[in-house]
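Just so it is clear, none of the values below were taken in a lab; they were calculated from the coordinates. Keep in mind the model is a prediction, meaning the values are calculated, not measured. Cβ placement follows ideal geometry from the backbone for every residue including glycine, while neighbour counts extend to all protein chains displayed.
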Amino acid sequence: MPFQVREYWLFRSRGGMVLICTMVLALLVGLAVTSETLYAAVVAQSKEFAVLEALGIPRNHVIKLVLAQSFWLGLGGVFMALPCTVVLSRAALSMRTRVVLSVPILSLTFALTLGMAILAGLSSLRPLRGIEPAKLLR
């Protein structure tokens, strides 16, 4: 399909605009859900983080730990969604609809998902500012 035809259907038709709006909304919802999940995990682990700080572990190591958790969460999400995507594309093919799962599209989706998870991890670092070892004594 020529580039001009794809550009028309993606950016100038109602179906393309609905597709773009759905994609943006899905990214925002995914970011919010992932961010809140990681935020709750950081709050739940606040005593453990306070113990690490009391033991002299630098705060940047704790930040790296939270970001590593967000990376692994994103990676796990990608690997759980990939088989579902393949099954759904095969189901669409049985209904005579071809879903293109090319390497560039899958790579972009992979990068967006991991980027969203890392961004959610960065936004879940807020509770780390209030962690102090003295709170363990209360």
- request: Go through region 100-114 residue by residue and turn each phi into a ³J(HN,Hα) via Karplus (6.51, -1.76, 1.60, θ = phi - 60°); whole Hz please, and just put x for glycine and proline.
  value: 7, 10, 7, 4, x, 5, 5, 5, 5, 5, 4, 5, 5, 5, 5
query: Hey, fewest Cβ within 10 Å first, where do Ser94, Ser89, Ser35 land in order?
result: Ser94, Ser89, Ser35
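Expressed in nm², what is the orientationally averaged projection area of the convex hull enclosing the Cα positions of region 35-137? Write out the running numbers ahead of the final one.
Numbers: hull surface 30.2 nm².
That works out to 7.6 nm².
Can you give the extra length, in nm with one decimal, that the chain gains between Ile63 and Leu19 once fully stretched, where that is 0.36 nm per residue apart less the Cα-Cα distance? Could you put the intermediate results ahead of the total?
Details: separation 44, 0.36 × 44 = 15.84 nm, distance 3.58 nm.
Gain on stretching Ile63 to Leu19: 12.3 nm.
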query: What number comes out for the charge environment of Val100, summing +1 per Lys or Arg and -1 per Asp or Glu over other residues with Cβ under 15 Å away?
result: +4
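Taking neighbour Cβ counts within 10 Å as the exposure measure, how do Phe11, Phe110, Phe49 sort from fewest upward? Please list the in-between numbers first.
Working: Phe11 10, Phe110 16, Phe49 21.
Exposure proxy ranking, most exposed first: Phe11, Phe110, Phe49.
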query: Taking region 40-101, which trypsin sites (Lys or Arg not before Pro) meet the DSSP loop condition and have no more than 11 other C-beta atoms within 10 Å?
result: Arg96, Arg98
Sorted by Cβ density within 10 Å, fewest first, the residues Ser13, Ser70: Ser13, Ser70
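Do the sum for the chain: with -39,500 (n - 2.57) for every DSSP H run of n ≥ 4, divided by all residues, what is the mean residue ellipticity at 222 nm, to the nearest 500 deg cm²/dmol?
On the way: 5 runs with 102 residues, N = 138.
The helix contribution divided over the chain gives -25500 deg cm²/dmol.
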